[in-house]
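No value in this document is a laboratory result; all are computed from the given coordinates. Every value quoted in this text rests on a predicted model; they were computed, and no experiment measured them. Quick reminder, even Gly has a Cβ in these numbers, built from the backbone with ideal geometry, and neighbours come from all protein chains shown.
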Amino acid sequence: MENTVKQIVEKYNSNRNRLMDMLIDIQEGEGYISRDAIATLSQLLDMSQADVEQTLSFYHFFSTKPRGKYAVYLNNSPVAYMFGREAIKEAFEKSAGVRFGEVSSDGKIGLFDTACIGMNDQEPAAIINNMVFTRLTPYRVRELVKMMKEDKPIEELRKESFGDGKNYLPSLRSMVSSNIRRKGMILSDDYHFGTVLREKLPTLSPEGVIGEIKHSAIRGRGGAGFPTGLKWEFCRRAKGDKHYVVCNADEGEPGTFKDRVILTEKPELVFEGMALAGYAIGGEEGILYIRYEYRYMKDYLEEVLHKMRKEGLLGTNISGIEGFNFDIRIQFGAGAYVCGEESALLESLEGKRGEPRDKPPFPVEKGYLGYPTIINNVETFATAVRIVQNGGEWFTQFGTDDSTGTKILSISGDCMFPGVYEVNWGFNVEDMLDMVGAYDVQAVQVGGPSGTLIGPDEFHRTLGYSDLSTGGSMIIFGQQRNLLRDVVVNFMEFFIDESCGSCSTCRNMTQVMNNKLKKILAGKGVPNDLKDLQEWGRVLNASRCGLGQTAANPIISSLKNFRHLYETLLQKDKDFDEGFDLEKSVQASCSYVGRVPVFNHH
Amino acid sequence: MSKPVVATTSLAGCFGCHMSLLDIDERILTLIELVEFNKSPVDDIKTFTKAVDIGLIEGGVCNSENVEVLKSFRKNCKILVSVGECAIMGGLPALRNGIPVEECLHEAYIGGPTVQLNKDGIMPNDDELPMLLDKVYPCHEIVKIDYFLPGCPPRADLIWDALVALVTGDPMKLPYEVVKFD
Amino acid sequence: MSNLIKFKIDGKECMAEAGKYIVDAAADNGIYIPTLCNMKGVKPKGACRICSVRINGRLMTSCTTPVTDGMEIESNSADIQDLRKSIIELLFVSGNHFCPACEKSGNCELQALAYRYQMMVPRYPYEFPTKPVDASSPRIIKDQNRCIFCKRCIKTIKDENGRSYFVFRNRGHKLEVVLDEEMGKTIDSATAHLAMENCPVGSILVKEKGFDTPIGKRKFDKEPIGSDIKL
């Protein structure tokens, strides 16, 4: 054990900033991170043991206890439930003989819940030893468990056909489907990779590139919508010995999966975009920070990078441009939604807990290791290539005045054809629903849990930064769904689990509000509760990052647009009820002392 | 005009807040002029005999009897005031809130170091006894409470000022020194 | 002192050195902005959010935001005061803060802020979480019931090699500040006392110490927190 850890530490040059990689290697090798491993690691890195645990305990996929020879992570997003998660869970528990959150006594099978794994268009889905199993059925689960009990290698569990698109490639061999249903400039097949690096860049100065990006008016595709050209310009101007390009592929917003599809189908475009950005800001190192849920893509993405190096699209003096050196490494996360927030991502990149930083300073001034850094979404980098290829002016013909270009939507839930759709900004929700074959729709969650839940009276609204802003997650709920019980509570619990805990507001208020929501759902609500929820939610605006500021949105937005759902649950004849239940509260003591509760004293 | 009527009770408390009420010293004579006491340990009236204007509650809610008394106060009093930390947040009795009630009972009647006479490990379970709640509740999580006077106990001056303000309708003064949680 | 800039807090003209954090710049001008996680001279983290102010319509923490020329800061408006009070109340209900039984009562900054903001009762339901007390160190008690995750101990209590005695564990609602087991065994008396002192609440205690200042003589018995800040 000690030697293994030693080798791992040496592999990363005893660099504390690579603690994430070290922990991932240990976790994957041993199935957990033992006390001994922590002790050795802390000694070699000259940290306290608690300090190692500080990082370790932040991430969902790290564990100090064995997670089983086969560690099953079953997605628990609302869409998974809509497509039978309960039955899948039951099948796993029954056939494996162990409950979720535990490992079987023989150490073979561990069952765990996990937040959205980016497979909302093919749920129910689970990750088993880094391999993704989609469209699970109870029959299939029994089959899988049987093979696990027989100690079959994980590759043998992969019985069915591979997914569409490039998922059949030898380095992927994945059951995941890309489900591309509509192509635009990014997903289209009419671009020959490398064209911009080879043919355009020799004719353009870095300022020229930034000029085109600015002219295109493209805004960040991750959801926040910051003008990309400005970001690159700020970073280029910022003083620093090095500049970094970081691609945010920590696609954690439940219901989003388009980055997974872009990285599967067009990884070269993303990497080319990163190199292009490196050229523009004067940076030589790029890092793709990708969520651990997409670990199955590791070999494939490494292979693509390798190929690009061989073709001279990465490396030194790219395209013969003197001094244009750029290369990319891949950094995996380990299960933390908040790391999608750019400054939390930087902390994670440096081997620390993913706690967002205070701003200012912004990453363009002080980013990775304190150097000026741009962090852009996967889709933004891919789009930048097409912008520079065709010019900023060309780009503005797509979309609307304030939202230029196309947007790739991840559409899931109650519809005929879930999957990925690239549309021009300005598309309205009604058209979108008709496009995907969604009928009798009760609500659409636009932009994931941190976004907005809208009903039919708002389906005329359009997608764009000035109306319905979205990173691309669209979850459709039919009339048969119980929005409050099955969606809002699920999303609130997601935020409670995923908060980094740093801000007093986000750490506590989500819990307080969820408790109140549950009280209402238990039939104990009174009219004042709705007022409370509305007011309390405002406290979250004082949180440091976007996660915290939007963490009450599931309640706030459903309360605004589906108030009647709350109102019908309220008690008609009461204006005070804090949820106290006398019978329930005396149950434990009465049964312990051996008496039958009596309530007839009145 | 008849005098405002006051009732008081101590639920899961130590009577310290009542002692603090007595700490208003000679002002107690003025108080008697100002108000009439109904159900209260102060005059030993056991049941409500008329409509009450102001009910002062000391102590949190730890058993079924506390619930019943608190509810009867709510029913019979126009204004209810939580007096002291126990009424407001459970106070010291609520230190047990992190411990399962079974463990508390076991410690009290069987396992505790001072339990020697209960050799047969008998648990008090007569129907006449109040039933223990799973935790100690603040009063305002059981019934609506109108005002809160913090302190352990609340300073006599705070109780006095609050009573006078409630009776006269004047705004309450809250000098820094009197609002304390200990 | 050459690089003076002008800014406004609630309309009042102020001056400070450029680059100072707002909370310090305000204090220099006799204006108190409440803080809890902040410590003078220690890199701020903006964890408690109590020092939030509004700048250009956005809430910013004044302990982490440097003041700039011409900045207009809103600090005392009713909604910001209520936000601060809300956060104090939130901290009270999310832990187990039994003031009457706490060694730090009277010297506690959370309690002092509650006094200053006249918290009679929190507006949120008490959560009564179940949390452990770690008394395994021979010198220190870490009572998780009272921790408010300000990070002060994490940032300031270190050994000669710069290693922190205290660190975060877990995240979100399960977050804890824990004492390193090994380091806790050998922590010296002076460091232990400093840890207790730097803790704004009663979460870090030195064993066999407490209740040694009589009521009436403690830090916040007579004057509200922040009273030292005036012109």
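If the cut-off is a Cα-Cα distance under 15 Å, which aspartates and glutamates reach B:Lys78, setting aside same-chain residues fewer than 8 apart in sequence?
B:Glu36, B:Asp53, B:Asp146
So if the hydrodynamic radius of chain A is defined as the Kirkwood radius over C-alpha pairs, what does Stokes-Einstein give as its diffusion coefficient at 4 °C and 1.567 mPa s, in µm² per second?
The estimated diffusion coefficient comes to 51 µm²/s.
A:Glu207 to A:Asn17: FRET efficiency via 1/(1 + (r/R0)^6), r the Cβ-Cβ distance, R0 30 Å, to the nearest 0.05? Numbers along the way, then the final one.
Details: r = 31 Å, r/R0 = 1.05.
Once rounded, the FRET efficiency stands at 0.45.
Answer rounded, prolate or oblate for the stretch A:138-178, using the Cα gyration tensor with square roots of eigenvalues a ≥ b ≥ c: rounded when a/c is under 1.5, else prolate when a/b is larger than b/c, else oblate. Intermediate results must be reported in sequence, preceding the final value.
Numbers: a/c = 4.39, a/b = 1.86, b/c = 2.36.
Oblate shape, in that a/c is at least 1.5 and b/c is the bigger or equal ratio.
Just counting partner chain Cβ atoms within 10 Å, what average do the residues of peptide A:43-52 show around their Cβ? Could the numbers behind the result be given before it?
Numbers: counts 0, 0, 0, 3, 6, 12, 6, 15, 9, 1.
Mean shielding by partner chains, rounded to a whole number: 5.
Using only the alpha-carbon atoms, how far is helix C:189-198 inclined from the longest principal axis of chain C? Give it as 0 to 90 degrees, nearest 10.
Between the helix axis and the principal axis of chain C, the angle is about 40 degrees.
Step through the residues of the stretch B:46-62 one at a time and calculate ³J(HN,Hα) from phi using the Karplus curve (6.51 cos²θ - 1.76 cosθ + 1.60, θ = phi - 60°), rounding each to whole Hz and writing x for Gly and Pro.
Once rounded to whole Hz, the list reads 8, 10, 5, 10, 7, 5, 10, 8, 10, x, 9, 10, 9, x, x, 10, 10.
For chain C, modelled as a GNM with alpha-carbon contacts under 10 angstrom, which of C:Met39, C:Met15, C:Met120 fluctuates the most?
C:Met120
Hey, what angle do you get for helix A:19-30 against the long axis of chain A, alpha-carbon based, 0 to 90 degrees rounded to 10?
Once rounded, one gets 60 degrees.
List the residues whose amide H sits under 5 Å from the amide H of A:Asn377, counting only those 5 or more places along or on another chain, with H placed 1.01 Å from N in the peptide plane.
A:Arg221, A:Gly222, A:Asn248
Name the residue farthest towards the positive end of the dipole of chain C from the options C:Pro122, C:Ser227, C:Cys199, assuming +1 on Cβ of Lys and Arg, -1 on Cβ of Asp and Glu, about the Cα centre.
Toward the positive end, the furthest listed residue is C:Pro122.
Considering the zone a paramagnetic label at A:Glu28 would reach in this model (a point 7 Å from Cα along the Cα-to-Cβ line), which residues of the stretch A:293-316 have amide N under 13 Å from it?
Backbone N within reach: A:293-303.
Between A:Glu583 and C:Glu223, what is the label-point separation in nm under the 7 Å Cα-to-beta-carbon projection?
Between C:Glu223 and A:Glu583, the simple spin-label model gives 5.8 nm.
Run the dipole for the stretch C:146-231 about the Cα centre, Lys and Arg Cβ at +1, Asp and Glu Cβ at -1, nothing else charged, and hand back the magnitude in debye, nearest 20. Walk me through the intermediate numbers first.
Values: 17 positive and 13 negative charges, 83 e Å.
With only Lys, Arg, Asp and Glu charged at Cβ, the dipole is about 400 debye.
Tell me, how many Å apart are the Cα centres for the stretch A:435-479 and for the stretch A:140-209?
27
Pop a pseudo-label 7 angstrom from the Cα along the beta-carbon direction at both B:Glu68 and A:Arg563 and give the gap in nm to one decimal.
So the label points at B:Glu68 and A:Arg563 sit 4.3 nm apart.
Other chains near B:122-134: what is the mean number of their Cβ atoms within 10 Å of each residue's Cβ?
Numbers: counts 2, 5, 2, 7, 2, 4, 1, 2, 2, 12, 7, 8, 7.
Rounded to a whole number, the mean comes out at 5.
Could you compute the net charge surrounding A:Ala238? Neighbours are other residues with a C-beta less than 9 Å from the C-beta of A:Ala238; K and R count +1, D and E count -1. Please list the in-between numbers first.
On the way: positive: A:Arg236, A:Arg237, A:Lys239, A:Lys366; negative: A:Glu365.
After counting each charged neighbour, the total is +3.
For the stretch C:4-76, take the alpha-carbon Rg, divide it by the Kirkwood Rh, and send me Rg/Rh. Can you show the working numbers first?
Values: Rg = 10.9 Å, Rh = 11.9 Å.
Rg/Rh: 0.92.
Would you work out which of A:Gln7, A:His460, A:Ile555 lies farthest towards the positive end of the dipole of chain A, given +1 charges on the beta-carbon of Lys and Arg and -1 on that of Asp and Glu, about the Cα centre?
The one lying farthest along the dipole's positive direction is A:Gln7.
Please give the average number of partner chain Cβ atoms lying within 10 Å of the Cβ of each residue in C:43-49, rounded to a whole number.
Numbers: counts 1, 1, 6, 9, 9, 5, 12.
Other-chain Cβ atoms within 10 Å of each residue's Cβ, averaged: 6.
Among the aspartates and glutamates, select those whose C-alpha is under 18 Å from the C-alpha of A:Lys200, and discard any that sit fewer than 8 residues away in the same chain.
Hits, sequence-local ones excluded: A:Asp190, A:Glu212, A:Glu268, A:Glu272, A:Glu311, A:Glu322, A:Glu393.
With springs only between Cα atoms under 10 Å apart, run a GNM on chain C and tell me which of C:Leu205, C:Leu90, C:Leu110 wobbles the most.
In this elastic network of chain C, the residue with the biggest mean-square fluctuation among C:Leu205, C:Leu90, C:Leu110 is C:Leu90.
Straight distance only, please: which lysines reach the Cα of A:Lys298 with their own Cα at less than 23 Å, same-chain residues fewer than 8 apart left out?
A:Lys11, A:Lys69, A:Lys152, A:Lys159, A:Lys166, A:Lys258, A:Lys266, A:Lys307, A:Lys310, A:Lys352
Using alpha carbons only, how many degrees (0 to 90, rounded to 10) separate the axis of helix B:64-76 from the longest principal axis of chain B?
20
Need one word for the stretch A:189-395: rounded, prolate or oblate. Basis is the Cα gyration tensor (sqrt eigenvalues a ≥ b ≥ c); a/c below 1.5 gives rounded, then a/b vs b/c decides.
Numbers: a/c = 1.43, a/b = 1.20, b/c = 1.19.
In terms of gyration-tensor shape, rounded.
Rounded to the nearest 500, what is the 222 nm mean residue ellipticity of chain A from helices alone, with -39500 (n - 2.57) per DSSP H run of 4+ residues and division by all residues?
Values: 24 runs with 232 residues, N = 602.
Estimated from H runs of four or more residues: -11000 deg cm²/dmol.
Could you tell me which of the pairs B:Lys135/B:Lys173; A:Lys239/C:Lys20; B:Lys3/B:Lys39; A:Lys524/B:Lys135; B:Lys39/B:Lys71; C:Lys104/C:Lys142 are separated by over 24 angstrom between their Cα atoms in the structure shown?
Numbers: B:Lys135/B:Lys173 34 Å; A:Lys239/C:Lys20 21 Å; B:Lys3/B:Lys39 15 Å; A:Lys524/B:Lys135 19 Å; B:Lys39/B:Lys71 14 Å; C:Lys104/C:Lys142 13 Å.
Correct reply: B:Lys135/B:Lys173.
In nm, to one decimal, how far is the A:Glu156 label point from the A:Asp190 one, both placed 7 Å along Cα→Cβ?
That separation, rounded to one decimal, is 4.9 nm.
For A:Met416, project a label point 7 Å along Cα to C-beta. Then give me every residue of the stretch A:436-478 with its amide nitrogen under 13 Å of that point.
It comes to A:436-440, nothing else.
Explain nothing, just compute: Karplus ³J(HN,Hα) = 6.51 cos²θ - 1.76 cosθ + 1.60, θ = phi - 60°, for every residue of the stretch B:153-169 in order, whole Hz, x for Gly and Pro.
3J(HN,Hα) across the stretch B:153-169, in whole Hz: x, x, 4, 3, 5, 5, 5, 4, 4, 5, 4, 4, 4, 5, 6, 8, x.
Based on the Cβ-Cβ distance from C:Ser136 to A:Phe234, what FRET efficiency comes out when R0 is 60 Å, to the nearest 0.05? Show your work: numbers first, answer last.
On the way: r = 49 Å, r/R0 = 0.82.
Approximately 0.75, to the nearest 0.05.
Hey, can you grab everything whose amide H is under 5 Å from the amide H of B:Met131? Only 5+ residues off in sequence or another chain; H modelled, so Pro and N-termini drop out.
Distant-sequence amide H within range of B:Met131: B:Ser64, B:Glu65.
Find the centroid of the Cα atoms in the stretch C:1-50 and in the stretch A:365-416, then give the distance between the two in whole Å.
38
Quick check: net charge around C:Lys174, other residues with Cβ under 14 Å of its Cβ, Lys/Arg +1 and Asp/Glu -1?
Working: positive: A:Arg353, A:Arg507, C:Lys131, C:Arg169, C:Arg171; negative: A:Glu53, A:Glu493, A:Asp497, A:Glu498, C:Glu127, C:Glu176.
Residues near C:Lys174 contribute -1 overall.
Find which of A:Leu409, A:Ser589, A:Met435 sits farthest along the positive direction of the dipole of the protein assembly as shown, computed with +1 on the beta-carbon of Lys and Arg, -1 on that of Asp and Glu, about the Cα centre.
Most positive-ward Cα: A:Leu409.
Read phi for every residue in the stretch A:141-148 and hand back ³J(HN,Hα) as whole Hz from Karplus 6.51 cos²θ - 1.76 cosθ + 1.60, θ = phi - 60°, with x for Gly and Pro.
Result, rounded to whole Hz: 4, 4, 4, 4, 4, 4, 5, 5.
Could you order the peptides A:436-448, A:104-116 from most to least packed, using the average number of other C-beta atoms within 10 Å per residue?
On the way: A:436-448: 21.4, A:104-116: 18.9.
Put in order of decreasing packing, that is A:436-448, A:104-116.
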